[in-house]
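What follows is a single structure, written as structure tokens, with notes after it.
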Amino acid sequence: MTLKELSIIPEPVNISSKEGAFTLNKKTLILTDLKLIAIAEQLKQVLLSTLGLNIAIKEDLQTKESNNVIILKTVNNEKQLKHESYSLIVSQDRIEIVASTPNGVFYGIQTMRQLIPLEAIGGKNINLEFSIPCVVIEDYPRFKWRGFMLDVGRHFFTKSEVKKVLDLMAFLKLNKFHFHLTEDQGWRVEIKKYPLLTEIGSKREGTIASQGSFRSNRKNKVPLDGVPVSGYYTQQDLIELIQYATERFITIIPELDFPGHTTAALAAYPELSCTGGPFKVSTRFGIHKEVLCIGKEKVFEFTQNVLNEIIEIFPSKIIHIGGDEAPKKRWKNCLDCQARIKNEELGSVENLQVYFTNRIADYLESKGKQIIGWNEILNDKLNENAICHYWTANLKQVLEHARLGREVVMSEMSAVYLNYPYKIIPLERSYNYEPIPNELEAKYHDKILGIEACLWTEFVKNKKTLEWQAFPRLIAIAETGWIPKNKKNFKTFQKRLETFNKWLDFFKVSYAKKEEFDIINSN
């Protein structure tokens, strides 16, 4: 097989072909050590599910057996192999995947999967014998943050649906799953100290009927679709999802949006607002004037108690606290907020949010955690360890954040917001998006942690639509997060995508076809 015939996504950094092929059959043996036994089991299950091939694992790298083996091993040589990097060598007698870390070995396996002949996938090969082309691959990611955000606040997705997302992310070598758990339209995480958050906050009576009515619904004049929306994850559900993600070397980063986008929380606990309510879980989307009251100390007690439970559930060092689209109208007219401004010498209502954000950041730091928030949290007085998550407007302020030696994740809405129709954000635009701004000097490039695609679910009501909106654009974004900038080529990507789509067919993914790119969505 020639290099032109190889179709791997993300494209490896260095790849060369050799003559011949490795024959995978029922006599093939996986050799590894105890450190990688769980990964070896995953490889075994992959071969069983895709090829119907059940092969044995031997926990012994010192064995004399050298023919028809797949060797998985790590080496203690960080200088030779970068973090998350791997080498994959396919010879006629063996496949060898070597890395400095277990996740590198895992990524090598994802590449090896794509070397399996597509005509064999899911088929009924009676002889159970498959040829894998001989290649030498040296590969490593460009960015350490390669993420996907799923909003489950607007519409809820089940554990099994989230697990399928995690499986697809792992296949694409994505490593950060940003779990957007709270919104005006729904609170989706069990907090035992505040049971009303899910008893009341996880349910709404309906949703505006169509995407076209989005703006006109701001005055609540558009009728609802009459379909109630509900659902939340128990803490045990989340522990299960975290374990599932960890096995695939994906970190789940929870987001609880504060101080705005909190209508669902205020419906449950209206005393946390400036006005006292009452409130209902919102049925409309957009910016809401009701926000947490920063003047009340009970609000800080609430956020800390909630975060205490989140910290117990999620091992992620980074916690997303939202921070976007928090209007200040209520704060301007609130006696408690005005008293806070005076007592803390904040100067104006404009500084209330950074005061709030810093108190959360300081508290989380005391627990060994670090905050990330949307770029609206940026302020000259912001906690210096806060990570900026850029999505829109004021790029200049984001660049200054990086120039101060602080970290940034890039999610430019015009390129990686996957809820938009393909006519507005075409596949090519998503592919060609460059996370490091041209204006940023080279010495600060390492402050750009990476790229994250976002899927907001205002009008994404089911798994079919989720997959249709995300794929193939998430595949393009995954390649951007992995390969060197100078290797990116949309034309060659399109050719490789044609092959990759056959994997999506195997995984039963409802992806968008070329001829469907002019359709608004899959509903």
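The values are calculated or read from the model by the stated rules, or taken from the named source; none is laboratory data. Bear in mind that the values here come from a model prediction, so they are computed numbers and not experimental data. Ideal geometry is used to build each Cβ from the backbone, glycine not excepted, and the neighbour counts take in all protein chains shown.
Apart from one condition, residue 376 fits all of (1) over 23 Å from the mean Cα position of the chain (by Cα); (2) within 29 Å of residue 300 (Cα to Cα); (3) outside any loop (DSSP other than H, G, I, E, B); (4) not β-branched (Val, Ile, Thr); the exception is (1). Can we say residue 108 is on the phi > 0 side of the Ramachandran plot and touching a Phe, Trp or Tyr at 6+ places or on another chain (Cβ under 7 Å)? For residue 108, the condition - on the phi > 0 side of the Ramachandran plot and touching a Phe, Trp or Tyr at 6+ places or on another chain (Cβ under 7 Å) - is not met.
Pairing each residue of the range 474-493 that is in the same structural domain as residue 448 (by TED's automatic domain parsing) with any residue that is assigned to a helix (DSSP H, G or I) and basic (Lys, Arg), provided the two are 6+ apart or on different chains, yields no C-beta distance under 8 Å.
Criterion applied to 70, 89, 97 was being assigned to a strand (DSSP E or B) and free of Cβ contacts under 8 Å to residues at least 40 places away in the same chain, and the one residue passing it is 97. Out of everything in the range 75-86 that is buried (at least 21 other Cβ atoms within 10 Å of the Cβ) and not aromatic (Phe, Trp, Tyr), what residue ends up being modelled with the highest pLDDT? Out of the qualifying residues, it is 85.
In this structure, does residue 405 turn out to be touching a strand residue (DSSP E or B) at 6+ places or on another chain (Cβ under 9 Å) and at positive phi? No; evaluated as a whole, the condition is false for this residue. Does residue 357 fit the bill of being crowded, with 22+ Cβ neighbours inside 10 Å, assigned by TED's automatic domain parsing to the domain that holds residue 390 and β-branched (Val, Ile, Thr)? When the stated conditions are applied, residue 357 passes them. Within the range 272-328, being among the aromatic types (Phe, Trp, Tyr), surrounded by 19 or more Cβ atoms within 10 Å (Cβ to Cβ) and more than 21 Å from the chain's Cα centre (by Cα) holds for 279, 285, 302. How about the range 246-271: which of its residues are assigned to a helix (DSSP H, G or I) and surrounded by fewer than 19 Cβ atoms within 10 Å (Cβ to Cβ)? Listed by number, the residues that qualify are 246, 270, 271. For the range 219-242, the set of residues classified as surrounded by 13 or more Cβ atoms within 10 Å (Cβ to Cβ), at pLDDT below 95 and under 19 Å from residue 153 (Cβ atoms) consists of 224, 225, listed by residue number. Of the strands (runs of 3 or more DSSP E) lying entirely inside the range 116-216, those containing at least 1 residues that are at pLDDT below 95 and within 30 Å of residue 55 (Cα to Cα) are 129-139. Restricting attention to the range 157-193, the residues that are buried (at least 19 other Cβ atoms within 10 Å of the Cβ), of a type outside the set (Asp, Glu) and more than 12 Å from the chain's Cα centre (by Cα) add up to 10.
Mind listing just one residue for me: the one in the range 452-466 that is in a strand (DSSP E or B) and out of contact with any Lys or Arg (no Cβ under 8 Å at 6 or more places or on another chain) and, of those, surrounded by the most Cβ atoms within 10 Å (Cβ to Cβ)? Only one residue tops the list, namely 455.
Looking across the range 98-117 at every residue that is in contact with a Leu (Cβ under 9 Å, 6 or more places away or on another chain) and farther than 16 Å from residue 171 by Cα, the one that is surrounded by the most Cβ atoms within 10 Å (Cβ to Cβ) is identified as 99.
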